[in-house]
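In what follows, a single structure is set out as structure tokens and then discussed.
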Amino acid sequence: MTQIGLAGKMVAHDLRRAGLINILGTTGETNVQGETVKKLDELANETFVRVFQLSGLVCALASEEIEKPLYLPENWPRGKYILLFDPLDGSSNTDVNMPLGTIFSVLRYRGQDKLPSEADLIRRGSEQVAAGYLFYGSSTMLVFTVGQGVHGFTLDPGVGEYVLSHERITVPAKGKQYAANDGNYHKWPAGTRRYLDWLKESDKAGGRPYSARYSGCLVGDVHRMLLGGGVYLYPGETDKPEGKLRLLYEANPLAMVVEQAGGRASTGTQPILEVEATKLHQRVPLIIGSREDVAQAEAFIQGRTI
Ligand code: AHM
Ligand code: MG
């Protein structure tokens, strides 16, 4: 976590000066996801690789930005952990001074002498030993779990240290806000559309309509739900049922965090942490947040409207 914190400080430092030192905009390349690479995506990725390559903590690294995993060569310091990460989440926010994040997932490699294979990295979310995110918002925060609750640390820029600011975070059972890209409404299956309509209707008890809060940065939106309750969804589309978000770099780690805080994460039909991982850059629909809100979304998606 100290090394993740260090990489986070370096990324946060770059983000704060980004408009001044010509690191906004794109590199002109396309990544393995078929998405345009921002200069800051590349910089954040390099920062994490540099910090971890020499740390002696990991034997392999896999990132949303690189096609194949990086295995540490024979004569390098190696550790028993595998780090999977999304170096800069919400990259459409880079050029407009909006929130960004880094998401990470930690697995333990049980092999002894030989290096892990790609299959050793492609594991179920329930096998993660730690997970969390860095949130580059109005302050920089490190939020993580090692399987015993969730804690949030705020970077004190004066001393350059993370200070425990949110001890034992718990997600409210139900919220009053949702985050989704409604611009995709007409691409969604009927159950998902009905759920969104339902969220926007008024009810007598005053529990609805929900407020819409979508920042374009998954980390920021999930952080909001973690502290205040509610639901984030990036659902599957009729012509693209797998959705957009990546299982290993985004959905699994955030699912571990939110579930450790008493919330839930689902594909709509299955808990995220139980999804069988079959490839490194696998995509998955994600519905995450307060447990009652996620259950309600599942009911609509599965056609069990309450
Ligand atoms: P990224 O990791 O390439 O930035 O993609 C993930 C992001 C999430 O942070 C965000 O919730 C979503 O993609 C936004 O996608 P869209 O622009 O389709 O709403
Ligand atoms: Mg992302």
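General observations
- Residue-wise HN-Hα coupling along the range 148-154, computed from phi with Karplus coefficients 6.51, -1.76, 1.60 (Hz; x: Gly, Pro): 9, x, 10, 10, x, 10, 9
- Crossing angle, helix 39-53 versus the chain [Cα axis fit, 0-90 degrees, rounded to tens]: 60
- Sum of -39500 (n - 2.57) over DSSP H runs of 4+, divided by residues of the chain (222 nm, nearest 500): -7500 deg cm²/dmol
- The lysine pair count for the chain, using Cα distances under 13 Å and pairs eight or more places apart or on different chains, is 5.
- By the Cα gyration tensor, the chain has an equivalent ellipsoid whose semi-axes, rounded to whole angstrom, run 31, 21, 19 from largest to smallest.
- Distance from the range 263-306 to the range 178-252 (C-alpha centre basis), Å: 11
- Between the helical axis of 218-228 and the longest alpha-carbon principal axis of the chain there is an angle of about 60 degrees.
- Near T278: Cβ cut-off under 12 Å, other residues only, Lys/Arg at +1 and Asp/Glu at -1. The net charge is +1.
- Packing, as the average of other Cβ atoms within 10 Å across residues, places the peptides 131-138, 248-255 in the order 248-255, 131-138, highest first.
- Heavy-atom accessible surface of the chain: percent carbon and sulfur, 1.4 Å: 49
- For the pair Q148 and E29, label points projected 7 Å from Cα toward Cβ lie 4.1 nm apart.
- Degrees separating the helix 291-301 axis from the principal Cα axis of the chain, which is the longest one: 70
- The Cα center of the range 104-152 and the Cα center of the range 17-37 differ in position by 26 Å.
- The range 263-306: GluC sites (Glu not before Pro) in DSSP coil with no more than 12 other Cβ atoms inside 10 Å: E276
- Other residues whose C-beta falls under 9 angstrom from the C-beta of Q177 contribute a net charge of +3, scoring Lys and Arg +1 and Asp and Glu -1.
- Computed E for D95/D182 - FRET, C-beta separation, R0 22 angstrom, nearest 0.05: 0.45
- With the simple model of a label 7 Å out from the Cα in the direction of the Cβ, M1 to Q112 spans 3.2 nm.
- Local net charge near G149, Cβ-Cβ under 14 Å (Lys/Arg +1, Asp/Glu -1): -1
The values are calculated or read from the model by the stated rules, or taken from the named source; none is laboratory data. Given the structure is predicted, the values throughout are model-derived calculations rather than measurements. No Cβ is skipped: glycine too gets one built from the backbone with ideal geometry, and neighbour counts run over all protein chains shown. Just so you know, the surface numbers come from the protein's heavy atoms only, side chains and all, with ligands and any DNA or RNA stripped out. Shrake-Rupley method; radii C 1.70, N 1.55, O 1.52, S 1.80 Å.
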